[in-house]
Structures are given as structure tokens and as C-alpha cells.
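The structure appears right after this line, and notes come after that.
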Amino acid sequence: MTHFRHERYDEAREQLSVWLREGMIQSPEHRLEGIENVGKAFADLFAGENFGKTIVAL
């Protein structure tokens, strides 16, 4: 968020939370498994190969 309309942050945060819980918006994950993939995950960030949140499950 920006500083524009900061008086409505709480309202926006609540509405976004509802939409997220209801599945109306989704947060994509780029998920990798294992410590051996930490290097790949890091390299992918800089190569633009990831999407959404990058998660390495250990």
C-alpha cells in the first residue's frame, strides 16, 4: 500500500482479509522441497523464474 488514502488502511486490510479467506484472491507460491534447493530458489529470484512467494520447505 502507499500513503494515499491512509485513513482507509484498516478498512482495506479487513476487506482484503475477507476476500483471501473466501478464496476470491489467492497468493501464488513457488514451492521447492529440501535444503538442496535453497541455492536454486535464490538464483530463481534474480533470474525472474519465480512467481508469487518463494518457499523452500525443509
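Some points to look at:
- Just one of (1) in contact with a strand residue (DSSP E or B) (Cβ under 9 Å, 6 or more places away or on another chain); (2) surrounded by 10 or more Cβ atoms within 10 Å (Cβ to Cβ); (3) closer than 15 Å to K53 by Cβ; (4) not aromatic (F, W, Y) fails for K40. It is (3).
- Residue in segment 10-18 that is part of a loop (DSSP other than H, G, I, E, B) and either surrounded by 12 or more Cβ atoms within 10 Å (Cβ to Cβ) or modelled with pLDDT of 95 or more (or both) present: no
- Of all residues in segment 22-49 being assigned to a loop (DSSP other than H, G, I, E, B) and more than 26 Å from A12 (Cβ to Cβ), the one that is farthest from the chain's Cα centre (by Cα): G34
- Among the residues of segment 1-21, just one is within 17 Å of the chain's Cα centre (by Cα) and of a type in the set (S, T, Y), namely S17.
- A Cβ distance below 8 Å, combined with a sequence gap of six or more or placement on separate chains, defines the contacts here; from segment 11-24, residues that are aromatic (F, W, Y) reach residues that are in a loop (DSSP other than H, G, I, E, B) in the pairs W19/I25.
The values are calculated or read from the model by the stated rules, or taken from the named source; none is laboratory data. It should be emphasised that the depicted structure is a prediction, and the values quoted were computed from it without experimental measurement. Cβ: placed from backbone, ideal geometry, glycine included. Neighbour counts: every protein chain shown.
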